[in-house]
Amino acid sequence: MRGVAKALLVLGVVIVMVAIVAGVVGYSWWSKHGRELKEAARRAHAEGVEHGEETDDQGCLDETLTRHRQSGGLAQALADDVFLRGCLSASERTDGFCDGVPKRRQVMASATWQIRRCAAAGFGDPFCRQIFVQVQDYCESDLSRSERAGD
């Protein structure tokens, strides 16, 4: 039993040390790159709003998928996410845009829908699903319903 207790103690110490190192590295990285990341997000949101003022919901999604196709990676996925959020906030409503979009709390239906939409758009990367998470968030928000209430 003493061997198991020692192993658990060592494992606990290793986990704490890894957490401390990860925290220090994360803080250091954020200190160096946080400002430029915030600025990139601000620019992407502004571009999204500007584009949204000239198009509808579907146009926002189409442009985001085009941007996603042109470049990849985590940083671009985050920029796509912020762009789409800004674009949808300013766009004209597209009739039927939210038809068939599952609620986020419907976890399995949500994941299946996201995967199918990414596949239909020609994507298999792990970042594509976040685009459709934004669509779900939008369709559940007051933004998608506000002007529809008068229809």
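No lab work stands behind these numbers, since they all come straight from the coordinates. The model shown is predicted, which means the values in this text are computed figures rather than measured ones. All Cβ positions, glycine included, derive from the backbone under ideal geometry; neighbour counts span all protein chains shown.
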### Task
Identify all aspartates and glutamates with a Cα-Cα distance to Lys103 below 16 Å; exclude those on the same chain that are fewer than 8 residues away in sequence.
Asp137, Glu140, Asp142
### Summary
Helix-only [θ] at 222 nm, the chain, -39500 (n - 2.57) per DSSP H run of 4+, per residue, nearest 500, equals -26000 deg cm²/dmol
### Query
So what's the net charge close to Val133: Lys and Arg +1, Asp and Glu -1, counting the other residues with Cβ under 10 Å from its Cβ?
0
### Task
Determine which aspartates and glutamates satisfy two conditions relative to Lys38: a Cα distance under 17 Å, and not lying fewer than 8 residues away in the same chain.
Glu47, Asp80, Asp81
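Compute and list, largest first, the equivalent-ellipsoid semi-axes of the range 76-151 from the alpha carbon gyration tensor, each √(5λ) rounded to a whole angstrom.
Here the semi-axes work out to 21, 15, 10 Å.
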### Task
Return the long-range amide H neighbours of Glu92 (sequence gap of 5 or more, or a different chain), with a cut-off of under 5 Å between placed amide H atoms.
Thr55, Asp56, Asp57
### Spin-label pair Ala40/Val13, simplified geometry with 7 Å Cα→Cβ offset, distance in nm
3.9
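Computed from the mean reciprocal separation of all distinct C-alpha pairs, what Kirkwood hydrodynamic radius does the chain have, in Å?
Final number for the Kirkwood radius of the chain is 17.8 Å.
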### Query
Efficiency by 1/(1 + (r/R0)^6): what FRET value for Ile20 and Leu78, r their Cβ-Cβ distance, R0 = 22 Å, to the nearest 0.05?
0.25
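So what's the range 20-109 giving for Cα Rg divided by 2.2 N^0.38 Å, two decimals?
Taking N as the residue count of the range 20-109, the ratio is 1.33.
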### Message
Per residue of the range 66-80, what does 6.51 cos²θ - 1.76 cosθ + 1.60 with θ = phi - 60° give for ³J(HN,Hα)? Whole Hz please, x for Gly and Pro, Karplus curve as stated.
### Response
5, 4, 5, 5, 6, 8, x, x, 5, 4, 5, 4, 5, 5, 4
